[in-house]
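A.B. asks: Provided herewith is a single structure, encoded as structure tokens, for subsequent inquiry.
The values are calculated or read from the model by the stated rules, or taken from the named source; none is laboratory data. Keep in mind that this is a model prediction, so the values were computed, not measured. Ideal geometry is used to build each Cβ from the backbone, glycine not excepted, and the neighbour counts take in all protein chains shown. Heads up: the accessible areas ignore ligands, DNA and RNA and are worked out on the full protein's heavy atoms, side chains in. Shrake-Rupley method; radii C 1.70, N 1.55, O 1.52, S 1.80 Å.
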Amino acid sequence: MNGHILGEDMRKAADALDSYRQIFGPENLYVELMSHGVDGQMQANRQLLAFSQ
Amino acid sequence: MTPQSFVHLHLHTEFSLLDGANRIDELLDRAQELRMPAVAMTDHGNMFGAMKFYKAARERGINPILGCEAYVSPTTRFDRSKQGISAAAHHLTLLATNYEGYQNLARLISKAHLEGFYYRPRIDKDLLAQHATGLIGFDGLSQGAR
């Protein structure tokens, strides 16, 4: 999903997340944030945070 | 956050082959020192360390959470047409929330090795949908779902 975000393909990122949401149920799927000082990670985290809401 | 409330939920041990530096006993000694109530183990594509980790955590009064950072084929686990290790699979971290979840995780990871091996032991979304009960999934890592 993060690959799509950094490639700015938000539609594919949202679809990927949605397919897992259907498999696990909304209560059992979490969006994972990381901060390892890797380029692009903070940009991806902001979008991931938006998706999680 | 106090040390007592922090729990690692995505963690690689020495059983993340060629990738994990955390020795199970040293890791759990440190978690005990820091008064962490639980620790998860999510090795890459395998659960080889699960029994050792479970017993060692219990001995220290730490709640072991068994999991795996699974490899998921972008198509099916039988598809071996993609070229290259990074195209063959993305990552999905799974945690068992109960005994049924552990059994499902064991089934998924066994089938990944027996049926889905191509560069990596891979599952697919169909198999996951059949064995998702009792499991939590995380997506978001740089090599997550595509």
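A.B. asks: How charged is the neighbourhood of A:I23? Take every other residue with its Cβ under 14 Å from the Cβ of A:I23, and add Lys/Arg as +1 and Asp/Glu as -1. Present the calculation step by step, with values, prior to reporting the outcome.
C.D. replies: Working: positive: A:R21, B:K125; negative: A:D15, A:D18, A:E27, B:D124, B:D126, B:D139.
Result for the local shell: -4.
A.B. asks: Local charge sum around B:F117 (other residues, Cβ-Cβ under 14 Å, Lys/Arg +1, Asp/Glu -1)? Kindly include the intermediate steps, with their values, before the conclusion.
C.D. replies: Details: positive: B:R77, B:R80, B:K82, B:K111, B:R120, B:R122; negative: B:D79, B:E115, B:D124.
Surrounding charge for B:F117 is +3.
A.B. asks: Moving on to the next point. May I ask which residue of B:Q83, B:H44, B:A57 lies farthest towards the positive end of the charge dipole of the range B:23-146, with charges of +1 (Lys, Arg) and -1 (Asp, Glu) on Cβ and the Cα centre as origin?
C.D. replies: Highest projection toward the positive end goes to B:Q83.
A.B. asks: Now a separate question. How large is the Kirkwood hydrodynamic radius of the range B:61-146, in angstrom, based on all distinct alpha carbon pairs?
C.D. replies: Working: mean 1/r = 0.0771 Å⁻¹.
For the range B:61-146, inverting the mean 1/r across all distinct Cα pairs yields 13.0 Å.
A.B. asks: May I ask for the accessible area buried between chains A and B, both sides summed, probe 1.4 Å, to the nearest 100 Å²? Before the final figure, lay out each step's value.
C.D. replies: On the way: alone 4190 and 7890 Å², together 10470 Å².
So the total buried area for this chain pair works out to about 1600 Å².
A.B. asks: Hey, got the dipole for the protein assembly as shown? About the Cα centre, +1 on K and R Cβ, -1 on D and E Cβ, debye to the nearest 20?
C.D. replies: Working: 20 positive and 22 negative charges, 57 e Å.
Result for the protein assembly as shown is approximately 280 debye, rounded to the nearest 20.
A.B. asks: Calculate the spin-label point distance for B:F78 paired with B:K52, positioning each point 7 Å from the Cα along the beta-carbon direction, and give it in nanometres.
C.D. replies: About 3.6 nm separates the two model spin labels.
A.B. asks: Å³ per residue of the Cα convex hull, for chain B?
C.D. replies: Working: hull volume 15.5 nm³, N = 146.
It is 106 Å³ per residue.
A.B. asks: On to the next question. By what distance, in whole Å, do the Cα atoms of the protein assembly as shown stretch along each of the three principal axes, largest value first?
C.D. replies: 45, 38, 31
A.B. asks: Within 10 Å of each candidate Cβ there may be at most 13 other Cβ atoms; applying that plus a DSSP loop requirement, which chymotrypsin sites (Phe, Trp or Tyr not before Pro) in the range B:38-109 survive? If you can, show how the numbers build up before the last one.
C.D. replies: Numbers: sites: B:F48, B:F53, B:Y54, B:Y71, B:F78, B:Y99, B:Y102; in loops: B:F48, B:F78.
Counting only loop positions with at most 13 other Cβ atoms within 10 Å, the chymotrypsin sites (Phe, Trp or Tyr not before Pro) in the range B:38-109 are B:F78.
A.B. asks: A follow-up question, please. What distance in nm separates the two pseudo spin-label positions at B:A21 and A:R46, each 7 Å out from Cα along the beta-carbon direction?
C.D. replies: Result for the modelled spin labels: 3.1 nm.
A.B. asks: What percentage of the solvent-accessible surface of the protein assembly as shown, computed with a 1.4 Å probe over protein heavy atoms, is contributed by carbon and sulfur atoms? Kindly include the intermediate steps, with their values, before the conclusion.
C.D. replies: Numbers: 5340 of 10470 Å².
The nonpolar share, carbon plus sulfur, comes to 51 percent.
A.B. asks: Another one. Could you tell me the number of lysine pairs in chain B with C-alpha atoms less than 24 Å from each other, where the two lysines are 8 or more residues apart or belong to different chains?
C.D. replies: Details: B:K52/B:K111; B:K82/B:K111; B:K82/B:K125; B:K111/B:K125.
Lysine pairs meeting both conditions in chain B amount to 4.
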